[in-house]
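In what follows, a structure is listed as structure tokens, so that the remarks can point back to it.
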Amino acid sequence: MSEIVIVIIGAVVLVGGVILYAVISTATGLEEDANQNYIPDWIERKFPKIFKSSKDLD
């Protein structure tokens with residue numbers, strides 16, 4: 001049971017870290033974000049199925 005808790009905590013930390021990086025990097029101007037959704041454009045282009053509702057995908 002404790003292994004499941006450790007995996008869940010690890011997954012939350014990993015996903016939270018990615019979201020935190022995306023917000024901080026676009027807010028400070030380190031990454032380009034043309035549509036102002038706090039997700040860097042290179043991530044939107046790399047994973048189009050996740051962001052298929054995005055209007056600015058190439």
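The values are calculated or read from the model by the stated rules, or taken from the named source; none is laboratory data. A quick note: this is a predicted structure, and the numbers were derived from the prediction, not measured. Backbone-built Cβ (ideal geometry, glycine too); neighbour counts: all protein chains shown. Each accessible area value is taken on the protein alone, full model and side chains, heavy atoms only, with ligands, DNA and RNA left out. Shrake-Rupley method; radii C 1.70, N 1.55, O 1.52, S 1.80 Å.
Every listed requirement among (1) modelled with pLDDT under 85; (2) assigned to a helix (DSSP H, G or I); (3) hydrophobic (A, V, I, L, M, F, W, C) is met by Ile39 save one, (2).
Taking each residue of region 18-33 that is closer than 17 Å to Arg45 by Cα and looking for partners that are open to solvent by 80 Å² or more (accessible area, probe 1.4 Å) and of a type in the set (S, T, N, Q) with beta-carbon atoms closer than 9 Å, six or more apart or interchain, yields Thr26/Gln36.
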